[in-house]
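Below you'll find the structure, written out as structure tokens, and then a few comments.
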Amino acid sequence: MTIAATDKRQPRAVTGGPRPRSRRRRRTNLTATVILIIGGLYCVLPALWILVAATKSNATLFSTAPYAPSLPGAFFSNMSGILTYNHGIFLRWWLNSIIYAVGGGVLSTAIAGAAGYALAKYTFTGSRVAFRIIVAAVLLPQILLAVPQYLLLAKFGLTNSYESVLLPQLVSPFAIYLCKIYAEAAVPDELMEAVRMDGGSEFRIFWSVGTRLMLPVLVTVLLLQFIAIWNNFLLPFVMLNNTNLDPLTLGLYGMLMPTGGQPNQYSLVIGGVFLTIVPLAILFLSLQRFWRIDLISGGVKG
Amino acid sequence: MTIAGRKKRSSKLPVLLVAPALVLLALFTFAPAGYAVYLSLMKLHITGGLLGTSSTQVFAGLGNYTDTFKDPEFWHSLGRMLLIAVIGVPATVILATLFALCLDANAARLTTVTRLAIFLPYAVPGVIASILWGFLYLPATSPIGGSVINYFGNRLIFFTVANVAVWGVVGFNTVVLYTALRALPRDVRQAAEIDGASELQIALHVKLPQIAPAIAMIALFSVIGALQLFNEPTALKPLTNAITSTWVPLMRVYSDAFVNNNIYGGAASAFTLLVMTVALTVGGGAVVTRLLGRQGK
């Protein structure tokens, strides 16, 4: 609607000199702003509601108005409830999630960065075949392989351990692909040659030139891998049979399952959801500017 | 020439750098896929009688696959997944495009705040998002009318599950399209502005065609994501009887292997799903490339 209004006033802006122009600059594109506000509310309100729900005890959760917080409420007893649940296992799940996501994220970034660099900057026996294999692997979604991965690891008795969740997530073909595309453009042959002339070893070229120039793609891959592992559910779900090894996703899911005649622990689960979302939301939103999401679409186009 | 010569003479470093990735791919991607194919061609042969039974693994040919295809529940689970995809994929693509265009529009306000807000669900794991939405839907705790509307009803359940998935991915896709928009050259847009084109006309006739490749890409990724639907229905399952243990194909793979102890059937359905995904990726990718190529001319 405002768009049409802008058009009509266009001639006046021309005759009226600079003043109406500056007014035009200040005018708000109402349609776009309203759409964005609605979209933002759709994305944020469910997460905010968990804050409301976290103020309720299991009894008031079902008896009070769902959209109004109970004040002073049971917020702190819910928090201490989830933190002390089953001898503080919730903190153990948090620690496990960090071990999986940080450990797997760092290792898989190192592996992808190294492979991407080598495939981009060197031709060696089998380098073409290696690249074809990696492109083929991009097509095989890891999620669909979780059950076969379990069946194979079970043959060797390797399931139900930290390694069983970490190892299958250490290599991401898509991350290798992104690193290769980026290294091709960002690491100039001339610079590598110059270091060679100065007597630098191939490893020194990789370490002091390659990794530095690839930093933006490495940070992006690290964040993507961190989130992919943090969010993963199916792999720990099939691999683990010991709640001490669970990441947050699996632990909270387990609490949701009704256990033999016990009352539902909904208020504890809600407290756990709250303590899962809030720290990570703060972390993500503060790291957001370091993301180079344009690298993803660029990688696919290339 | 000299550079190529040098590359060939160079150290073993590149091989060492690629080796970890290839070894891990072989062990944790190709070997499990191969093992799934092997298991899918096997079955248990149970022998014995009074003195107890023993079972050996014997070749089954394509028996597990014909069993899978003959099972109506396999097709039902596939149908449910497709129904959710038909709801969720267009919703994701349309909303992400709309939000990205609004973020990029001249004189749109609150763009920083709303962009962060729209991105926020990406920080919430799918399972946690499903538990969260589960409470929003559950009649006893619902602030969105769950006591009046049965969100887990026969038909609504598909929208319910699709909504959780869309909520989780729309922000990431919005940011992908928004970065694509920001990367566009400004000259065409400015020319259109000088010609008096409205903001809406610029969005529809200038920006939209320019980001068509990125839109096609997120559409394809969303379709592939739908084939792997598992987290959302699994995490909603404890809250409702409407979701069965074989509700979508990947849940069926899981329950075959772990609930019914039929790893052979599970391997067959897992491999079937894998083939379908690869076919869709390759076929979809080819179609998208061709469409974009034609449009480019």
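The values are calculated or read from the model by the stated rules, or taken from the named source; none is laboratory data. Being a predicted model, the structure only gives us computed values, none of them experimental. Positions of Cβ are backbone-derived with ideal geometry, glycine not excepted, and every protein chain shown enters the neighbour counts.
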Within segment B:196-204, is there a residue that is of a type outside the set (Lys, Arg), buried (at least 17 other Cβ atoms within 10 Å of the Cβ) and over 18 Å from B:LEU101 (Cα atoms)? no
Only helices (runs of 4 or more DSSP H) wholly contained in segment B:11-105 count here; list those with 2 or more residues that are without any contact (Cβ under 8 Å) to a residue 40 or more places away in the chain and touching a Phe, Trp or Tyr at 6+ places or on another chain (Cβ under 6 Å). B:13-25
For segment A:53-79 the number of residues that are in contact (Cβ under 8 Å) with a residue 60 or more places away in the chain, more than 8 Å from chain B (Cβ to nearest Cβ) and part of a helix (DSSP H, G or I) is 3
Checking the structure you have, find out if any residue of segment A:243-250 is of a type in the set (A, V, I, L, M) and under 19 Å from the mean Cα position of the chain (by Cα). yes
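Okay, residues lined up against (1) surrounded by fewer than 17 Cβ atoms within 10 Å (Cβ to Cβ); (2) closer than 30 Å to A:THR64 by Cβ; (3) within 24 Å of the chain's Cα centre (by Cα):
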| residue | (1), (2), (3) |
| --- | --- |
| B:GLY126 | no, yes, yes |
| B:GLY145 | yes, yes, no |
| B:VAL169 | no, no, yes |
| B:LEU177 | no, no, yes |
Could you please find all residues in segment B:80-106 being within 10 Å of chain A (Cβ to nearest Cβ) and either within 16 Å of the chain's Cα centre (by Cα) or of a type outside the set (A, V, I, L, M, F, W, C) (or both)? B:ALA96, B:ASP104, B:ASN106
Exactly one of these conditions fails for A:VAL217: (1) surrounded by fewer than 22 Cβ atoms within 10 Å (Cβ to Cβ); (2) over 28 Å from B:PHE135 (Cα atoms); (3) not small (Gly, Ala, Ser). Give me its number. (1)
Taking A:PHE124 as meeting all but one of (1) assigned to a helix (DSSP H, G or I); (2) facing another protein chain (nearest Cβ under 9 Å); (3) among the aromatic types (Phe, Trp, Tyr), write down the number of the exception. (1)
Across segment A:95-112, what is the number of residues that are of a type outside the set (A, V, I, L, M) and surrounded by fewer than 18 Cβ atoms within 10 Å (Cβ to Cβ)? 1
Kindly check whether there is at least one residue in segment B:234-247 that is of a type outside the set (Gly, Ala, Ser), within 16 Å of the chain's Cα centre (by Cα) and part of a helix (DSSP H, G or I). yes
Conditions (1) surrounded by fewer than 24 Cβ atoms within 10 Å (Cβ to Cβ); (2) farther than 24 Å from B:VAL206 by Cβ; (3) within 13 Å of chain A (Cβ to nearest Cβ); (4) of a type outside the set (S, T, N, Q); number of the one not met by B:ARG109: (2)
When the residues of segment A:118-172 are filtered to those that are of a type in the set (Phe, Trp, Tyr) and farther than 14 Å from B:PRO32 by Cα, which remaining residue is surrounded by the most Cβ atoms within 10 Å (Cβ to Cβ)? A:TYR122
I need a count of the residues in segment A:27-52 that are over 25 Å from the mean Cα position of the chain (by Cα) and at the interface with another protein chain (Cβ under 7 Å from one of its Cβ atoms). 6
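Residue-by-condition table, conditions (1) touching a Leu at 6+ places or on another chain (Cβ under 9 Å); (2) within 7 Å of chain A (Cβ to nearest Cβ):
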position: B:PRO121; (1), (2): no, yes
position: B:VAL127; (1), (2): yes, yes
position: B:SER142; (1), (2): yes, yes
position: B:ILE149; (1), (2): yes, no
position: B:LEU156; (1), (2): no, no
position: B:ALA162; (1), (2): yes, no
position: B:VAL166; (1), (2): yes, no
position: B:ASN173; (1), (2): yes, no
Would you pick out the residues in segment B:147-162 that are without any contact (Cβ under 8 Å) to a residue 40 or more places away in the chain and either aromatic (Phe, Trp, Tyr) or crowded, with 19+ Cβ neighbours inside 10 Å (or both)? B:TYR151
Given (1) assigned to a helix (DSSP H, G or I); (2) in contact with a Lys or Arg (Cβ under 9 Å, 6 or more places away or on another chain); (3) more than 8 Å from chain A (Cβ to nearest Cβ); (4) of a type outside the set (Asp, Glu), number of the condition B:ALA214 does not satisfy: (3)
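Restricting to segment A:66-100, name every residue that is closer than 20 Å to B:ALA21 by Cβ and at pLDDT below 95.
none
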Among (1) within 24 Å of A:PHE131 (Cβ to Cβ); (2) surrounded by fewer than 23 Cβ atoms within 10 Å (Cβ to Cβ) - the single one A:LEU83 does not satisfy: (1)
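Restricting segment B:175-201 to residues that are outside any helix (DSSP H, G or I) and hydrophobic (A, V, I, L, M, F, W, C), which is farthest from the other protein chains (Cβ to nearest Cβ)?
Only one residue fits best here, namely B:LEU184.
May I ask you to list the residues in segment A:135-163 that are within 10 Å of chain B (Cβ to nearest Cβ) and more than 22 Å from B:VAL223 (Cα to Cα)?
Correct list: A:PRO148, A:GLN149, A:TYR150, A:LEU151, A:LEU152, A:LEU153, A:ALA154, A:LYS155.
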All positions within segment A:143-163 that are touching a residue at least 40 places away in the same chain (Cβ under 8 Å) and part of a helix (DSSP H, G or I): A:ILE143, A:ALA146, A:VAL147, A:GLN149, A:TYR150, A:LEU153, A:TYR162
